[in-house]
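Engineer: Just dropping this structure here.
The values are calculated or read from the model by the stated rules, or taken from the named source; none is laboratory data. Predicted model, so just to flag it, every value in this text is computed and none were measured. Because the Cβ atoms are built from the backbone with ideal geometry, glycine has one as well, and the counts that use them run over all protein chains shown. Calculation scope for accessible area: heavy atoms of the full protein, side chains included, ligands and nucleic acids excluded. Shrake-Rupley method; radii C 1.70, N 1.55, O 1.52, S 1.80 Å.
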Amino acid sequence: ADWCITCKVNEQIVLQSEKIQALFKENGIYYLVADWTNYSANITTYLEGFERSGVPLYVLYPPGKDPVLLPQILTQEKVNAIISDYIK
């Protein structure tokens, strides 16, 4: 969401970094964004499915495993560790 400072920082510093983008590409990970700037019932329902009432919400879907929630505050190291634990 445009008003979510944490989302913007996570995107710029972590998710759009060259290191994490390369990690995603190497592991066949697709990074999708659901923008909640304007209310969306679909996004609200998705958030509620993870017992959340707001953003950011980061979910990793490892093949053949249950979804994994990532922390709301991301670092490149955290994302790298989580992907290493669940994907490889």
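Engineer: Which numbered condition trips up L32, out of (1) surrounded by 10 or more Cβ atoms within 10 Å (Cβ to Cβ); (2) of a type in the set (A, V, I, L, M, F, W, C); (3) under 17 Å from I83 (Cα atoms)?
Structural biologist: Going through the list (1) surrounded by 10 or more Cβ atoms within 10 Å (Cβ to Cβ); (2) of a type in the set (A, V, I, L, M, F, W, C); (3) under 17 Å from I83 (Cα atoms), L32 breaks only (1).
Engineer: Only one residue in T6, T45 is open to solvent by 30 Å² or more (accessible area, probe 1.4 Å), in a helix (DSSP H, G or I), in contact with a Pro (Cβ under 9 Å, 6 or more places away or on another chain) and not charged (D, E, K, R). Which one?
Structural biologist: T6
Engineer: From the list V33, V79, V55, V59, pick out the single residue that is of a type in the set (A, V, I, L, M) and either assigned to a helix (DSSP H, G or I) or in contact with a Ser or Thr (Cβ under 6 Å, 6 or more places away or on another chain) (or both).
Structural biologist: One residue alone meets the criteria, V79.
Engineer: Name every residue in region 10-29 that is of a type in the set (S, T, N, Q), exposed (fewer than 15 other Cβ atoms within 10 Å of the Cβ) and in a helix (DSSP H, G or I), in order of residue number.
Structural biologist: Those that are of a type in the set (S, T, N, Q), exposed (fewer than 15 other Cβ atoms within 10 Å of the Cβ) and in a helix (DSSP H, G or I): Q12, Q21.
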